[in-house]
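What follows is a set of notes on a single structure, which appears directly below.
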Amino acid sequence: MKVSNLKKSDCTICSIEGEINLNTSPDLRKAFEEFSRQNIKKIIIDFEQVPYIDSSGLATLIELFQRMKKIDGKLRICSVPEKVKNVFEVTKLHKLFEIYDDQESALEGF
Amino acid sequence: MEEKEVIISLRNVSKYFQGKKIIDNISLDIYRSETFVIMGCSGSGKSTLLRLMTGVIEPDEGSVIIKGKNITGISVEELDDVRRSFGMLFQYSALLDSLTVEENVSLPLREHTKLAEDIIRIIVKMKLSLVGLRGYESYYPSQISGGMRKRVGLARAIALDPAIVFYDEPTSGLDPVVGGVIDKLIKDLSSKLLITSVVVTHDMQSVFNIADRVAMVHKGQVVIVGDVATIKNTKNPYVQQFINGKPHGPIDFFKEDIGIKEFLEL
Ligand SMILES: Nc1ncnc2c1ncn2[C@@H]1O[C@H](COP(=O)(O)OP(=O)(O)OP(=O)(O)O)[C@@H](O)[C@H]1O
Ligand SMILES: [Mg+2]
């Protein structure tokens, strides 16, 4: 799994590439912790290149969500492949996260 | 349509207890991501079949093949490896009474992963929420109802995102509404997360709600395997008697029993 960040004005777009599982989610967590350290308040996470996410990955995402809420930050998610979307739906997390079809729509009004 | 992938295969499996043939030459294929239901009367061998599939007990004859690997006679370490991808909800699976609900569900995560405590806590909350038990984290098993304990067991069974989940009577002792919630969860896990489910149940409502295919076991043999429509429409008298809950038919409840005279030693 690889994480790459792109700054767009005051917003950071975080693109993840690869499976998020027991082995890789700790690295994702580190990448997310870096956001807090830099006090980044607007984050879009792009899931286009994520074929699979397990519960540890979802938990890592929830932890970020909680952290963002605490600092009045904003978190959006975009380009979620069908299989991953199913995981969000089964766990009802699609109701928690703001999910957009693509980066452009996620950036709109952000 | 894609070629169906066999994920569990029983080949001519037999098992004896105290000289009695409890499982009698069963051959069966279960496909990836289907919900496969095993039904049958009490004592027909359903739980035994599940224990054979999960490697808890070994067959006396035949073999059990999981994802192409014959697990009969392999080492404990190898078996542990295969079972890492299993979730198991046993008929009488007990929670640890000295641990809270949260601690019970986190056990497999603590044992098999190196995840941070905070992450484990969130996963446990997610799993408890899936079985409708959000807010019960700090309760002890003795403080919740039997149906709730069962749901905690289910949350624990799916803690590690298993590829195959084995359920022994998941809805017994639950009220119909909660039973329906559990049925939907089992169904969703299969259809949306492509998890394979093997479910033992008496609950006909549940069978028709969740099954892709059904096998009926009678006296250690499989009398029929088919989809729900096949089971509903079959003229097989065992199946008809079972699904309609008729006291009379080829399944003779008393035949095996000794007479009342002998019983009372008259
Ligand atoms: N470890 C064992 N030792 C001896 N006999 C056993 C053992 N396990 C199961 N049996 C016997 O095998 C038969 C089938 O038992 P099993 O538990 O598989 O039935 P079941 O179909 O799950 O019944 P139920 O619906 O009541 O749970 C029973 O007659 C039981 O007494
Ligand atoms: Mg049983």
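The values are calculated or read from the model by the stated rules, or taken from the named source; none is laboratory data. None of the values given here were measured: they were computed from a predicted structure. Here Cβ is always computed from backbone atoms with ideal geometry, including for glycine, and neighbour counts include all displayed protein chains. SASA here: full protein model, heavy atoms, side chains in, ligands and nucleic acids out. Shrake-Rupley method; radii C 1.70, N 1.55, O 1.52, S 1.80 Å.
If the segment from residue B:92 to residue B:232 were pulled out straight at 0.36 nm per residue, it would be longer than the present Cα-Cα gap by 47.4 nm.
Which shape class, rounded, prolate or oblate, goes with chain A when its Cα gyration tensor gives a ≥ b ≥ c as root eigenvalues, a/c under 1.5 marks rounded, and past that a/b bigger than b/c marks prolate?
Numbers: a/c = 1.39, a/b = 1.20, b/c = 1.16.
Rounded, because the longest to shortest axis ratio a/c is under 1.5.
Near residue B:60, the amide H atoms lying under 5 Å from its own belong to B:14, B:15, B:16; only residues 5 or more places off or on other chains count, and H is placed 1.01 Å from N. Are there any helices in chain A, counted as whole DSSP H runs, that stretch 20 Å or more along their axis by Cα and score at least -1.0 on average by Kyte-Doolittle, and if so which? The qualifying helices are A:55-70.
At full extension, residue B:5 and residue B:60 could sit 17.2 nm farther apart than now, given 0.36 nm per residue minus the alpha carbon distance.
The candidates A:14, B:41, arranged from most to least accessible area with a 1.4 Å probe in the full protein assembly, appear as B:41, A:14.
How big is the dipole moment of segment B:1-140 about its Cα centre under a simple scheme where the beta carbon of each Lys and Arg is +1, that of each Asp and Glu is -1, and everything else is neutral? Debye, nearest 20, please. Can you show the working numbers first?
Working: 18 positive and 20 negative charges, 56 e Å.
Once rounded to the nearest 20, the dipole reads 260 debye.
Counting only protein heavy atoms and a 1.4 Å probe, chain B has 50 square angstrom of accessible area per residue.
The heavy atoms of residue B:125 present about 100 square angstrom of accessible area, all protein chains included, probe 1.4 Å. Residues B:248, B:202, sorted by accessible area with the largest first, give B:248, B:202 [1.4 Å probe; ligands and nucleic acids excluded]. Within the straight-line cut-off of under 20 Å between alpha carbons, the lysines reachable from residue B:184 are A:83, A:85, A:92, A:95, B:125, B:127, B:150, B:192, sequence neighbours fewer than 8 places apart in one chain being disregarded.
Modelled spin labels at residue A:48 and residue A:70, positioned 7 Å past Cα toward Cβ, are 3.2 nm from each other. Rolling a 1.4 Å probe across all protein chains gives residue A:91 an accessible area of roughly 30 Å². Ligands, DNA and RNA excluded, the heavy atoms of residue B:212 present near 60 Å² of accessible surface to a 1.4 Å solvent probe.
Take the accessible area of A alone and of B alone, subtract that of the pair with a 1.4 Å probe, and the total buried over both chains is about 1400 Å².
Take B:56, B:214 and sort them by solvent-accessible surface of the protein heavy atoms, 1.4 Å probe, largest at the top.
Numbers: B:56 70, B:214 0 Å².
Most to least solvent-accessible, the answer reads B:56, B:214.
Put a dot 7 Å past the Cα of residue B:202, heading toward its Cβ, do the same for residue B:16, and the two dots end up 3.0 nm apart. Each of residue A:98 and residue B:70 was given a label point 7 Å from its Cα along the Cα-to-Cβ line. The distance between the two points is 5.9 nm.
Just the protein heavy atoms count here, and of the accessible area of segment B:2-108 at 1.4 Å, carbon and sulfur take up 46 percent.
Rounded to the nearest 20, the size of the Cβ-charge dipole of segment B:95-161 about its Cα centre is 240 debye, with Lys and Arg at +1 and Asp and Glu at -1. Simple point charges give the picture: +1 on the Cβ of Lys and Arg, -1 on the Cβ of Asp and Glu, and for the protein assembly as shown a dipole about the Cα centre of about 560 debye.
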